1. Where does helix 10-19 land angle-wise versus the long Cα axis of the chain, in degrees 0 to 90, nearest 10?
2. Restrict the search to region 175-225; then list the chymotrypsin sites (Phe, Trp or Tyr not before Pro) that DSSP places in a loop and that have at most 15 other Cβ atoms within 10 Å of their Cβ.
3. D for region 6-60, whole µm²/s, Stokes-Einstein with Kirkwood Rh over alpha-carbon pairs at 4 °C and 1.567 mPa s: what number?
4. Quick check for me: using +1 on Lys/Arg Cβ and -1 on Asp/Glu Cβ, what's the dipole size of region 18-175 about its Cα centre, in debye to the nearest 20?
5. Using only Cα atoms, find the angle between the long axis of helix 36-46 and the longest principal axis of the chain, and express it within 0 to 90 degrees, rounded to the nearest 10.
6. Identify all aspartates and glutamates with a Cα-Cα distance to LYS141 below 13 Å; exclude those on the same chain that are fewer than 8 residues away in sequence.
7. So how tilted is helix 275-292 from the main axis of the chain? Cα-based, degrees 0 to 90, rounded to 10.
8. Among the aspartates and glutamates, select those whose C-alpha is under 17 Å from the C-alpha of LYS158, and discard any that sit fewer than 8 residues away in the same chain.
Amino acid sequence: MSELPNLASPRELMLLLERYGLKPQHGLGQNFLIDGNTIRKIVAAAALEPGEGVVEIGPGAGAITLAMARLQARLLAIELDRGLAGMLSDLLRPFPLVTVLQADALSIDWPALLKRSFPPGRPVKLVSNLPYYISAPLLYKLFQEKFPFDRAVLMFQKEVAQRLTALPGDPSYGNLSVLCQYYTDAAILFKVSRRAFWPSPGVDSVVLAMEPRPRELTAAEELAFWRIVRSVFQQRRKTLLNSLALAFPYPRELAAALLDSAGIKPVRRPETLSVGEFATLSRIIYNYERKNERVAGDDDVPQPQ
Ligand code: SAM
């Protein structure tokens, strides 16, 4: 295709899709951005330098992709839909630094892909108007992989963005908030109206910037952190004493002593604990289990650390 379309124009977007025999697939979360101002704000938030690496998940018809390609970014665009991936490869042919990969973002080994695709030692960023249905599973995966990006600019359904940035005591504070705030510094950048998309998704969206944070725990301690965070929020109405005793399972005296060592009152509920308190508790539990080569169910009581 010789002339590049204006993808912020619904008419041009529809014509382009029609030419390739494509239609928005609701099941793949295909809500295309048709608001030039939002596209510009997302790209500006990524603060790309020429030649810098950037990954886009779900480029769709290329609204954000084309804007980043024009900045001479070294861009890897990962699209699940074969039809869209083919169309994008045609569209982006004039940009030699852009690669389109047809793949499922949820099945990628991100650290390995980034190592293969970008020169070492240079920042790699992530930009995406994420399909809503993969937001949470993708984030869990990226956190498990230690969030291997230097900066991410991601669009989420408003409610997911609220969960990610919620503080202790907020109704939406949960395991996703704790993991997000342990692995990254996340900040809300701006809201995006449902009218900025075609077809309109029926929910409003929010764009977040996320940057990796220095991690306080060792890899082994982090395993305990994941176990604790996931299990206590499955039973958020229970006190920490009850949910730890049930989840691990620990005798109540042992659970109480571990909480006490972490300076946490056993009657508190999981949604009141800060990320730092979860980290401290994880370190104490990990060290206790290691020292005692503990099989869950032992009834000894730990010494305060
Ligand atoms: N970036 C485009 C835009 O802003 O107009 C499209 C965004 S649309 C919300 C999400 C895109 O993600 C769709 O193109 C969809 O096909 C793609 N997608 C859905 N699931 C995916 C997955 N698991 N891996 C990669 N891409 C996926």
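1. Between the helix axis and the principal axis of the chain, the angle is about 80 degrees.
2. Details: sites: TYR182, TYR183, PHE190, PHE197, PHE225; in loops: none.
Counting only loop positions with at most 15 other Cβ atoms within 10 Å, none of the chymotrypsin sites (Phe, Trp or Tyr not before Pro) in region 175-225 qualifies.
3. Values: Rh = 13.0 Å.
Translational D for this selection: 100 µm²/s.
4. Values: 17 positive and 14 negative charges, 53 e Å.
I would put it at about 260 debye.
5. For 36-46 against the chain, the angle is about 50 degrees.
6. Output for LYS141: ASP104, ASP109.
7. Tilt of helix 275-292: around 50 degrees.
8. In chain and number order, the partners are ASP170, ASP204.
Bear in mind that the values in this text are calculations on the coordinates, not laboratory data. Quantities reported herein were computed from a predicted structural model and do not represent experimental measurements. Positions of Cβ are generated from backbone atoms using ideal geometry, with glycine treated the same way; all protein chains shown enter the neighbour counts.
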